[in-house]
Amino acid sequence: MTWSIIARDSQTGQFGIAVATKFFAVGARVPHIAAGIGGVATQALVNPYYGIDGITLLREGREPRAVIDTLIAADSGRESRQLHVMDAKGRIAAFSGNECVDWCGHVQGDGFSIAGNMLAGAAVLDDTAKALVANAHLPFAQRLIAALKAGEAAGGDKRGKQSAALLIHGEEEWSDLDLRVDDHTDPLAELERLEQVSRERWVHFRPFLPTRKNPAGITDRATIDAGVQAATAGKA
């Protein structure tokens, strides 16, 4: 009932997951990322523990195929599930149960994995992948959204559209960007709008927040305001 991208930006090292579907609040359950570790997307008849436990297994050093094998072995409902996994080394694995609704499948390339089910056809994933590669010049968030839009133009979820989400992690345990469109007539257009809004202040404010290397972050409001103003003016 969904298609999703797991990707890593070669320029920044960020991990991102972008997803769209004809279902409510897809961002609440499908995407799971651990900074510097990898990402898991669990979909079809979603099992939230695939994401939770999958990230734990990646942290333990399991490679993606072993992660999937472990998860599905413990789940008698696995034939109704779909998931894909990518780790920090770029290794990828995917699983689509025999009871996933056609069209369903998986494609992968250098630095990305794309999986979907209940889609209009194989072109949804193929065109998503082509757009992801063709738009490598775009900032990471915009590139992921452009790829989903190409998949939607190829038919997307064959039932229609309702929700979309974009989750990006950098070096910290908290997300660099976490956008959700839970219920909308044109969720990808709204996701694109929210990403544009994030560049008005959030992405420029984010570097001042606490990090593991700088636990206090920057708290001087004058410094923060000056930095944001310079960044939005194109001077930083």
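Some values worked out for this structure:
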| item | result |
| --- | --- |
| Any hit, the stretch 74-92, residues being in contact with a Leu (Cβ under 8 Å, 6 or more places away or on another chain), at pLDDT 95 or above, part of a strand (DSSP E or B) and closer than 23 Å to Lys158 by Cβ | yes |
| First in the stretch 96-121 and in contact (Cβ under 8 Å) with a residue 40 or more places away in the chain and closer than 9 Å to Gln82 by Cα, second anywhere and part of a strand (DSSP E or B) and among the basic types (Lys, Arg), Cβ under 6 Å, 6 or more apart | Gly97/Arg81 |
| Qualifying positions in the stretch 50-66 - in contact with a strand residue (DSSP E or B) (Cβ under 8 Å, 6 or more places away or on another chain) and either small (Gly, Ala, Ser) or farther than 15 Å from Ala93 by Cβ (or both) | Gly51, Ile52, Gly54, Arg59 |
| Some residue of the stretch 98-109 being assigned to a loop (DSSP other than H, G, I, E, B), in contact with a Ser or Thr (Cβ under 8 Å, 6 or more places away or on another chain) and small (Gly, Ala, Ser) | no |
| Any pair with Cβ under 7 angstrom, 6 or more apart, that starts in the stretch 181-195 at a residue that is within 11 Å of Leu166 (Cα to Cα) and ends at one that is small (Gly, Ala, Ser) and assigned to a helix (DSSP H, G or I) | Glu195/Ala141 |
| Single unsatisfied condition, Ile33 versus (1) touching a His at 6+ places or on another chain (Cβ under 7 Å); (2) assigned to a helix (DSSP H, G or I); (3) within 29 Å of Ala189 (Cα to Cα) | (2) |
| Some residue of the stretch 21-30 being open to solvent by less than 40 Å² (accessible area, probe 1.4 Å), in contact with a His (Cβ under 8 Å, 6 or more places away or on another chain) and of a type outside the set (A, V, I, L, M, F, W, C) | no |
| Per-region count, the stretch 157-194, residues over 11 Å from Ala35 (Cα atoms), in a strand (DSSP E or B) and not small (Gly, Ala, Ser) | 8 |
| Options Ile224, Ile218; residue that is over 20 Å from Phe140 (Cβ atoms), open to solvent by 60 Å² or more (accessible area, probe 1.4 Å) and either among the acidic types (Asp, Glu) or touching a helix residue (DSSP H, G or I) at 6+ places or on another chain (Cβ under 7 Å) (or both) | Ile218 |
| Candidates Gly109, Gly39 - the one that is within 26 Å of Thr12 (Cβ to Cβ), of a type outside the set (A, V, I, L, M), at pLDDT 95 or above and exposed (fewer than 15 other Cβ atoms within 10 Å of the Cβ) | Gly109 |
| Considering residues of the stretch 124-143 that are within 17 Å of Lys161 (Cα to Cα) and among the hydrophobic types (A, V, I, L, M, F, W, C) only, the residue surrounded by the most Cβ atoms within 10 Å (Cβ to Cβ) | Val124 |
| Selection status of Ala131, part of a helix (DSSP H, G or I) and either within 22 Å of Leu179 (Cα to Cα) or in contact (Cβ under 8 Å) with a residue 12 or more places away in the chain (or both) | yes |
| The stretch 29-57: number of residues that are under 12 Å from the mean Cα position of the chain (by Cα) and closer than 12 Å to Leu167 by Cα | 9 |
| Any hit, the stretch 194-212, residues being under 16 Å from Glu172 (Cβ atoms), of a type in the set (D, E, K, R) and loosely packed, with under 11 Cβ neighbours inside 10 Å | yes |
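The values are calculated or read from the model by the stated rules, or taken from the named source; none is laboratory data. Note that the coordinates shown come from a computational prediction; the quantities given were computed from them, not determined experimentally. We place every Cβ from the backbone using ideal geometry, glycine too, and count neighbours over all the protein chains shown. The area values use the complete protein model at the heavy-atom level, side chains included, leaving out ligands, DNA and RNA. Shrake-Rupley method; radii C 1.70, N 1.55, O 1.52, S 1.80 Å.
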